[in-house]
Amino acid sequence: MIMLLNSLLVLFVILTLVNVFTMPAFKKTSHTKSGKVSILIPMRNEEKNVEGLITSVKEIEYSSIEVIILNDQSTDRTQKLLDQHTKGDSRFTVISGNSLPEGWVGKVHACEQLSKKGSGDYLLFLDADVRVKPNVIHQALHIMEKNQAGLVTGFPRFPVTPFLGKLLVPLQHFFIFFHLPNIVANQTTYPAFTAAHGAFMFFERKAYEAIGGHRAVKSSLIEDIQITRTLKKRGYKAILANVAPSVTCFMYETNKEVWNGFLKNIYVGLGRSPFTAMLVSLFYLVFYFAPLLLAGAFLWTKDWTWLLPLLLVFIQTAIIDCVTRQTRLHFLLMPISSVALTMLLWSSMLRSLTQKGYEWKGRTYK
């Protein structure tokens, strides 16, 4: 049995390496595409992120940009800080969001309003907790041109502080570098092979408008994935790139934010299927938590083969941590992360089955 486990874990490492070497990365900057870029940023109670975000965006090297920020009925100092930090820079426009209509998710409605204000040939949607490198637009245009795509997206680098964040946030990278066949996802338009991250969505405007924009996914809690699938259904390629070298996302500051943030997405992302949720839980407990227990058996058996499964888990995770610029020793947390993931998934499923809904930024979604 342990030989079978080791064989499968070796296969997992190989599949991960294939994905690492086949996923486009934000490195090269040469391109012939040109045109105006609208940088569109929704904000709701984001006073802690205003200064850092605007400072980052101001350093973007691409010359033809406009930056439109929507204050989505914030009750903190977001508006005051926006006025303060954008004053005197003609590239920035701050608008106020309308009331949330019934049937819409808050962020999706904010993005829809922003898209109507943007006049660019390209639309770059950023989350408020994102920071970007100066050449990020050149890099996105390079990937878009090279692959003739309608969308370039990717999972940013995630510096995390709360312990629960260290366990759960980097798993986003683990999922896409392990479970998603990136060659199929990037070189075909099959909607089933889709991943995206709403923190960084770089659209060609024609493609965005052809699918009806965010209005097409107005009620989705996983709007980034749904809008990417919609794009593929219309025949446009969507490129999932490793944007971590140039895009950083400070996702959550507290354990509560981590829990509630993922709680609203994870079960929905699995299609609200109890069977799939149970399979995923079993998979991660068997392959990523059980090796820790087997390693404990080494203390009695003195047989090094009992250590090999855990070593393979660490190798696979360390590879992903390296290419996504995660902290050096994070890979050691993977067995505990698998337990946290299972607890999160079951909590999310139970809230859905009991119709309690999910709370986020002062709003409840069912």
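The values are calculated or read from the model by the stated rules, or taken from the named source; none is laboratory data. Please read these numbers as outputs of a predicted model, since none were measured by experiment. We place every Cβ from the backbone using ideal geometry, glycine too, and count neighbours over all the protein chains shown. Heads up: the accessible areas ignore ligands, DNA and RNA and are worked out on the full protein's heavy atoms, side chains in. Shrake-Rupley method; radii C 1.70, N 1.55, O 1.52, S 1.80 Å.
Couple of notes before you dig in:
- Normalised by the number of residues in the stretch 82-207, the average gap of Cα pairs under 8 Å and 6 or more apart makes the relative contact order 36 percent.
- Å² of accessible area per residue within the stretch 64-161, as computed with a 1.4 Å probe and no ligands counted: 40
- Placing +1 on the Cβ of every Lys and Arg and -1 on the Cβ of every Asp and Glu, with nothing else charged, gives the stretch 221-366 a dipole about its Cα centre of roughly 660 debye.
- Tensor-based shape of the stretch 1-77 (alpha-carbon gyration tensor, a/c under 1.5 rounded, otherwise prolate or oblate): oblate
- With the highest mean first, a sort of the peptides 30-36, 76-82 on other beta-carbon atoms found within 10 angstrom per residue produces 76-82, 30-36.
- Helix 106-117 axis, angle to the chain major axis (alpha carbon atoms, nearest 10°): 40
- Take each peptide in 137-147, 296-306, 3-13, count the other Cβ atoms within 10 Å of every residue, and average; sorted highest first, the result is 137-147, 3-13, 296-306.
- Solvent exposure of the stretch 204-259 as accessible area per residue, Å², 1.4 Å probe: 42
- Shown for the stretch 25-146: the carbon plus sulfur share of the solvent-accessible area, taken with all protein chains present and a 1.4 angstrom probe, equals 44%.
- Distance in nm between pseudo-label sites at PHE175 and LYS206 (7 Å out along the Cβ direction from Cα): 3.3
- Residues whose placed amide H lies under 5 Å from that of GLY154, excluding near-sequence neighbours: HIS197, PHE200, ALA241
- Scaling the Cα radius of gyration of the stretch 167-310 by the globular reference 2.2 N^0.38 Å produces a ratio of 1.29.
- Between the stretch 243-297 and the stretch 163-238, the Cα center-to-center distance that results, in Å: 18
- Computed P(r) (all Cα pairs; the stretch 145-240; 10 Å bins; percent): 16, 47, 28, 9, 0
- Over the stretch 293-366, the pair-distance histogram of Cα-Cα distances with 10 Å bins from zero comes to 16, 28, 26, 21, 7, 1 percent, rounded to whole numbers.
- Here, the stretch 7-160 is characterised by an Rg to Rh ratio of 1.04, where Rg is the alpha-carbon radius of gyration and Rh the Kirkwood radius.
- Most mobile listed residue (ALA340, ALA241, ALA149) in the chain, GNM with C-alpha springs under 10 Å: ALA340
- Tilt relative to the chain, helix 334-353 - C-alpha long axis, 0 to 90 degrees, to 10: 60
- Dipole of the chain, positive direction: furthest Cα of SER348, THR32, GLY165, with charges on the beta-carbon: THR32
- DSSP assigns beta bridges within the chain; of those with both partners inside it, close to 40 percent run antiparallel.
- q = 0.07, 0.11 Å⁻¹, the chain: log10 I(q)/I(0) [Debye, one scatterer per Cα]: -0.31, -0.77
- Built amide H within the under 5 Å cut-off of LYS33, gap 5+: none
- Whole-number percent relative contact order across the chain, with pairs defined as alpha carbons under 8 Å at least 6 apart: 21
- Considering only alpha-carbon pairs that sit under 8 angstrom and 6 or more positions apart, the relative contact order computed for the stretch 1-151 is 37 percent.
- In this Cβ point-charge picture (+1 for Lys and Arg, -1 for Asp and Glu), the chain has a dipole of about 460 debye about its Cα centre.
- Scaling against 2.2 N^0.38 Å puts the C-alpha radius of gyration of the stretch 64-150 at 1.23.
- HN-Hα J in Hz across the stretch 19-24 - Karplus 6.51, -1.76, 1.60, θ = phi - 60°, x for Gly and Pro: 5, 4, 7, 9, 7, x
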